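Worksheet for the structure shown next.
The values are calculated or read from the model by the stated rules, or taken from the named source; none is laboratory data. Worth saying up front: this structure is predicted, and the values here are computed from it rather than measured. Here Cβ is always computed from backbone atoms with ideal geometry, including for glycine, and neighbour counts include all displayed protein chains. For accessibility, only protein heavy atoms count, side chains too; no ligands or nucleic acids. Shrake-Rupley method; radii C 1.70, N 1.55, O 1.52, S 1.80 Å.
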Amino acid sequence: MTARKIIIDTDPGQDDAVAILLALASPEEIEVLGITAVAGNVPLPLTQKNARIVCELAGKTDVPVYAGCDVPLSRKLVTAEHVHGKTGLDGPVLPDPSMPLTDGHAVDFIIHTLRAQDAGTVTLCPLGPLTNIATAFQKAPDIVDRVQEIVLMGGAYFQVGNITPAAEFNIYVDPEAAEITFKSGVPIVVMPLDVTHKALVTKPRNDAFRALGTKVGIAVAEMTDFFERFDKEKYGSVGAPLHDPCVTAYLIRPDLFTGRHINVEIETQSELTLGMTVADWWRVTDRAPNAMFMGDLDADGFFALLTERLAHL
Ligand code: RIB
Ligand code: CA
């Protein structure tokens, strides 16, 4: 089986970090062509730095990291230091990166890569607000049909909002970018809160990360120790939800996930429900399906895969 070529678009973020580590630990299945940072959990200077910290933690400093958009398409940036800490990677003490940021804008890297690679062979994996993706599609409409698939973390239906009563963070930060993405016609797989809230790092699962005894295993356990407090306080969760690793786990083991191919629209007008993913889960409208919207996962299988792969780094 040839490895799937992907671009990871990300706003690290502890859960982004674990998603990136899982991808870098799985070269048989995933070839990371590049990592593009976007403003989200924390401002761009930190997300691009954190992406490089994670590559160095994985010992994969040959992966190019680009800085992308530092503000949403048409709104002020909203960040989430209350969840991820002021650095965005609070928890472990990790050295500043020595690998350089790669020259060039992330959006231009996305455009160039999609034009250079054979059509239908590159998957985009957004783990944060969709600003870079939408900007690339606006700047170079010819690349849209060249994208193999978009597999993203964002949105919610049964779980409704985590940043407002109606909206999930990644979509809420840049709803206009999300609307462009969901209306692009590119095949989309969505990992919403409905499924990521079932990927909870219980204590035995976090102990298994720590028991790896490696730099990576211990760092992931320390990230989770920090990252879990928001969801424990807010939802009474038994552990941190590993939102973004659901994206890279899907690329390796899609059978771990179940969902429905339905219509998903994005609220961009109402301040009350701004950023809501209006998912027609019950197919009560005649709106055309545009996304594979996941609803469940085999959590034990997910954590077994993640722990086994992290041991490779
Ligand atoms: O709502 C969860 C999402 O927002 C995750 O991707 C997390 O990293 C933040 O970006
Ligand atoms: Ca993220």
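Of all the options Gly236, Gly301, Gly259, the one that moves most in a Gaussian network model of the chain with Cα springs shorter than 10 angstrom is Gly236. Amide H to amide H, with H built 1.01 Å from N, Asn162 comes under 5 Å of Ala167, Glu168, Phe169, counting only residues 5 or more places away or on other chains.
What you get for region 1-78, charging only the Cβ of Lys and Arg (+1) and of Asp and Glu (-1), is a dipole of about 260 debye around the Cα centre. The H on the amide N of Lys5, modeled in the peptide plane, is under 5 Å from the matching H of Glu31, Thr123, each at least 5 residues off or on a different chain.
Counting only Cβ charges, +1 for Lys and Arg and -1 for Asp and Glu, the dipole size of the chain around its Cα centre is about 180 debye. Computed with every protein chain present, the accessible area of Asp142 is close to 80 Å² [probe 1.4 Å]. Rounded, prolate or oblate, given the Cα gyration tensor of the chain, with a/c below 1.5 counting as rounded? In terms of gyration-tensor shape, rounded.
Each residue of region 90-104 was assigned a 3J(HN,Hα) from its phi angle through the Karplus curve 6.51 cos²θ - 1.76 cosθ + 1.60 (θ = phi - 60°); the sequence is 4, x, x, 9, 10, x, 4, x, 9, 5, x, 6, 7, 4, x Hz, with glycine and proline shown as x.
Which FRET efficiency value, to the nearest 0.05, is calculated for Thr2 and Ser98 with the Förster distance at 35 angstrom and r the Cβ-Cβ distance?
That gives a FRET efficiency of 0.65.
Taken as entire DSSP H runs, the helices of the chain that both span 24 Å or more between Cα atoms along their own long axis and average -1.0 or more on the Kyte-Doolittle scale are 215-235. Here the 3J(HN,Hα) profile of region 259-269, calculated from phi with Karplus coefficients 6.51, -1.76 and 1.60 at θ = phi - 60°, is x, 10, 8, 9, 8, 10, 10, 10, 6, 10, 9 Hz, Gly and Pro shown as x. Computed from backbone phi with θ = phi - 60° and the Karplus coefficients 6.51, -1.76 and 1.60, the 3J(HN,Hα) list for region 275-288 is x, 5, 8, 7, 8, 7, 4, 9, 6, 8, 10, 9, 5, 5 Hz; x is used for glycine and proline.
Less than 5 angstrom separates the built amide H of Leu73 from those of Ala177, all sequence-distant by 5 or more or on a different chain.
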